[in-house]
Structure formats: structure tokens, C-alpha cells
Amino acid sequence: MRWLLVLFGSLALQAQEALLSRPEVRQALDFIRANHDRHLDLQVKIAEIPAPTFHEGERAKFMESEFRRVGLKNVEIDGQGNVLGWRPGRTERTLVVAAHLDISFAPGVNTKVRKEGNRWYGPGLADDSRGLAALVAIAEALQAAHLATNRTLLFVANVGEEGLGDLIGVRYLFEKSPYRSRFDAFISIDGTDPARIVHGGVGVKRYRLTLRGPGGHSYGNYGRPSAIHALGEIISRLAALETPSKPKTTFNVGRVGGGTAVNAIAEESWFEVDLRSESPAELDRLELKFHEAVRAGLEAEKLRRAASGFSLQHELKLVSNRPSGQTAERSPLVQAAVWASKATGHVPSLGFGSTDANFPISLGFPAITLGGGGKSANAHSLQEWFEPAEAWKGPQTVLLTILAFDESR
């Protein structure tokens, strides 16, 4: 049996290497490099269109026009707000290639991009405006080189990847889209590093905790329970938790609010917490510890303020639940990405992440996430930056992954 695996692996590698000698493939790769500056300009243009989660409409319309411009067929905005563009293959079996429209910022954020030295700065400039620009670059290159594929390619600019979007765009594609029965596999373009192949989905659970109490004057009603004091107690207990580094398991209180005035006992407070792990079992353990921190924090505030005769009420709501899973390293899709990364001069590394690929992985579809090229850091912050050095290698790597996977049947 082992010799059969070696034989099939050798044949697949030969087919992949043969791709690089095809004139139309070289033409497509050269097209991406030659148009690097134009695609960078497109990336900046996309980034300057505000697109907070649940507010992606303006950017979706722009991507719709770009999909039409580069010659994709049957371009539409679907029932969830995703932008779809088709490139028909010899069969209707479909490989989905996607990048997300939304950015991890609230409405009103200044999305103007600025350049300082070799770096460009802007909220969402790399995450995921780079992915969206790469989508267009790949579609353009395929058209310019008249490259035919066995599988049909569906290009998607999807909504709802960030924050509380809970992967609604990709969920819709794989659960409700009228085209879902045609899907074979899924590639997400997210992040920048072409060497990084995300084949494992980190499980994520996000909660919103709201506390409510009697409130009152900070002096005249002193002694009543405070929704903010209790919230601080809970966060303190959560912050003291220890989590394993392997499998990597994390938590973060990302947003906090409440209170009405500095001299008023808070009637209401809330926070949102993000719990993550590569291991479903560890995520379950962390979730239990979080629930215990909530219980113990509320009990502590209740005991301290028992003499007042008042108590706090709480509401705990699960607002996001990203499933975990893994596409096998030996799968044709992962192996195609490994080969493509090497072919563009990288040392590929396999790893886990929380991306749009989580959902199709959880349904059993081969799915991975690849970088769009360049270098970046400080994602999800106002200091997010992008360096475009050799950024063309991102879309080149994704293009070769598509073609190498397309050779598998």
C-alpha cells in the first residue's frame, strides 16, 4: 500500500512540475508580476472604501464592477451580500476562491491609506484588501493567458468574516447557496505570507455578557452592587486563567462598555470575550472556566453588597461559534499549495488559523487559507501596515495552487 502512495505522489509531482513548462502558465505568472504596481493601486483603492462587518455594501458594489471588468461571468451579489463571479471550466465541478470584504473596525473608522517609506498604513489594508486585490489579479491573469481549467472557478468576495460576522458569508455559500452542490473545495486568500498554508481551523467561541443592577448615586446609595465592579471582578478572574501553549489556546476581552456617569453606580455593563483553541477539547475546558469566572465574580459582588438587599442580573449570550477541523496534509489541495509555495521560492509551513476556511472544513470539504503576498503586521489595529516587496508572489502562489489542484480528479 505504501508503494502505491509513493507512486501516486510521484505522478502528482510530475504533473505539477509540468505546469511550469506550459507557455500559458508562464504567461499568467508573468502577467501578475508585470501588473504588480497596478494591483497595489487597486488594493489601496479597495482599502479606502469603508467596510465594517455588516456594512460591506459599498465595497461589494466596487468588487462587483471589478469582477465584470476582468471578464468573469454571471456576476452577482447573492442573498447574503457576497459578490460572485464565475470562470467556467470543462465541468461544473467548482473550486471556490474567496477573500473577505469586511474589516475589523467599527463604522466611522478613517480608512485613508498613507505611505511612509516602504510601508503603507491603513485599517484593513492587508486584512483583507490584499486578498481582494489578489482575487482580481488571479482572474485577470487567467483571462490574459487564456488558461483553461477542468473545474469551474467561482471567485467570491464574501461578507462577515471578521468580529461578530460569524462567517455568515461562507456559511450562506455552503448551506443556502443554490450552487452549493457543485462545490469541490475552497481556498481563502487572507493574510499575506505565501509560505503559510492554513489547513487547520482554530475553533472560536465568542460571548457577550451583560450585567444589570439597581444603580444609584455613588455617595447616597453607596453599598449597592455595581454592574461595572462585578464586571471587573469577572475580567480579573478570567485574566488569571492559564491556558496551554500546545495546543495553542487563548482568550481575550476585546470590548467593554457600561455606566452613565462618574458619580453613578453603574446600572448596566457588558463585555465581549473571544475564546480560541486548536483543540475542541481544550476549547470546551476554557469555556467551562469562563462560565465559572462569571459565576464566581457575580457571587463575590453579591456577598460584598448583601446588606443592601439588592442583586445583579446577568445575561450571557453566545454570539459567534466558529467550528474547528483540519484538511489532511496528504490531501491534493494541501499538497498543491505546498508545491506552489516551493515553486514561487518559499519554504512552506502548515498551521492553524481562524479564517473563512473553518466552515467548509467542518463540513468535510478540502479547504485552506493562503496569503495574498507582501508583508504585514498589526492586523486589527489602526497601525496595520503592509510592505509590497515581491507581493506578486502571493497571487502567483494561489494561481499555481489552483492549477495544480485542478490536475487532480
K393: which lysines have alpha carbons under 21 Å from its alpha carbon, excluding same-chain residues fewer than 8 sequence positions away? K45, K342, K375
Stretch S236-Y179 to full length: gain in nm at 0.36 nm per residue minus the Cα-Cα span? 15.8 nm
Which value, in debye to the nearest 20, describes the size of the charge dipole of segment 49-170 about its Cα centre when Lys and Arg Cβ atoms bear +1, Asp and Glu Cβ atoms bear -1, and nothing else is charged? 540 debye
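Would you check segment 203-322 for Lys pairs whose C-alpha atoms are within less than 21 Å, ignoring same-chain pairs closer than 8 in sequence, and give me the count?
The result is 8.
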Given the candidates N358, P323, T344, the one whose Cα lies deepest towards the positive end of the charge dipole of segment 308-377, counting +1 at each Lys or Arg C-beta and -1 at each Asp or Glu C-beta, is T344
Virtual spin-label span in nm between K115 and S349, 7 Å along Cα→Cβ: 3.0 nm
From DSSP H assignment alone, runs of 4+ in the chain each adding -39500 (n - 2.57), the sum over residues rounded to the nearest 500 puts [θ] at 222 nm at -11500 deg cm²/dmol
Of the candidates G165, A126, T260, the farthest towards the positive dipole end of segment 116-262 (Lys/Arg Cβ +1, Asp/Glu Cβ -1, centred on the Cα centre) is T260
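Hey, got the dipole for segment 203-322? About the Cα centre, +1 on K and R Cβ, -1 on D and E Cβ, debye to the nearest 20?
Roughly 100 debye, rounded to the nearest 20.
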Out of S324, S177, S362, a Gaussian network model of the chain with alpha-carbon springs under 10 Å gives the largest mean-square fluctuation to S177
Mind sorting out which of (i) 88, 47, 34; (ii) 65, 48, 46; (iii) 82, 52, 43 is the real Cα extents along the principal axes in Å computed from the coordinates? (iii)
Loop-resident trypsin sites (Lys or Arg not before Pro) in segment 316-357 with no more than 11 other Cβ atoms inside 10 Å, DSSP not H/G/I/E/B, are R330
If every Lys and Arg gets +1 and every Asp and Glu gets -1 at its Cβ, then about the Cα centre the chain yields a dipole, in debye to the nearest 20, of 360 debye
Extreme residue, positive dipole direction of the chain, given options G201, H314, L154 (C-beta unit charges): G201
Prolate/oblate/rounded call for segment 78-167, Cα gyration tensor, a/c under 1.5 rounded: oblate
Scan of the chain for GluC sites (Glu not before Pro) in DSSP loops with at most 13 other beta-carbon atoms within 10 Å gives a longest site-free stretch of 93-241
Inter-probe distance in nm under a simple model that places probes 7 Å from Cα toward Cβ, at A264 and Q313: 1.8 nm
Interchain or sequence-distant (5+) residues whose placed amide H lies within less than 5 Å of the amide H of A264 are S218
Hey, which aspartates and glutamates would be in cross-link range of K176, C-alpha to C-alpha under 15 Å, not counting anything within fewer than 8 residues on its own chain? D78
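Set the Förster radius R0 to 35 Å, insert the Cβ-Cβ distance between K45 and N252 as r into 1/(1 + (r/R0)^6), and round the FRET efficiency to 0.05.
Plugging the Cβ-Cβ distance into 1/(1 + (r/R0)^6) gives 0.65.
Taken together, the values in this text are just the output of simple stated rules run on the coordinates, not laboratory data. None of the values given here were measured: they were computed from a predicted structure. Using ideal geometry, Cβ is built from the backbone for each residue, glycine included, and neighbour counts are taken over all protein chains shown.
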